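A quick write-up on the structure given underneath.
The values are calculated or read from the model by the stated rules, or taken from the named source; none is laboratory data. These numbers were taken from a predicted model, which means no experiment stands behind them. All Cβ positions, glycine included, derive from the backbone under ideal geometry; neighbour counts span all protein chains shown.
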Amino acid sequence: MTDYRNEFPDYDDTLSFPDGWEDISWHNDACPSFVRKFGDVEYRIFCDYVDPERREMHGAMRFVIYIEDEINYVCIGQTDTLKEAIDCVHKEVNK
């Protein structure tokens, strides 16, 4: 298990995910990320920097939510709060 603080020592926030989410942050990505699997579907939330100037995409929201399979990432939402990102996953899971 990785730790986003080791992979991104200059990250400008403290992240606290609910139980069941796994930190899979990797320093070659643009920002920290966490995953959780519901059934056969894996959800990944990328957590960009608080400072908009440090984000990979200028003008983008902080949290980007993807569904992953072996081949593709499908974006299912973007938010500016972690709570809204997790709520987005739960809404998708409960469809």
Count - residues of the stretch 45-91 that are within 15 Å of the chain's Cα centre (by Cα) and charged (D, E, K, R): 9
Selection status of Gly39, more than 21 Å from Val89 (Cα to Cα) and small (Gly, Ala, Ser): no
Strands (runs of 3 or more DSSP E) contained entirely in the stretch 10-95, each with at least 1 residues that are in contact with a Leu (Cβ under 8 Å, 6 or more places away or on another chain) and in contact (Cβ under 8 Å) with a residue 12 or more places away in the chain: 33-38, 41-47, 63-68
Residue check, Glu53 at pLDDT below 95, among the charged types (D, E, K, R) and either crowded, with 18+ Cβ neighbours inside 10 Å or more than 19 Å from Glu92 (Cβ to Cβ) (or both): yes
Residue within the stretch 32-49 that is among the hydroxyl-bearing types (Ser, Thr, Tyr), surrounded by 14 or more Cβ atoms within 10 Å (Cβ to Cβ) and touching a strand residue (DSSP E or B) at 6+ places or on another chain (Cβ under 8 Å) present: yes
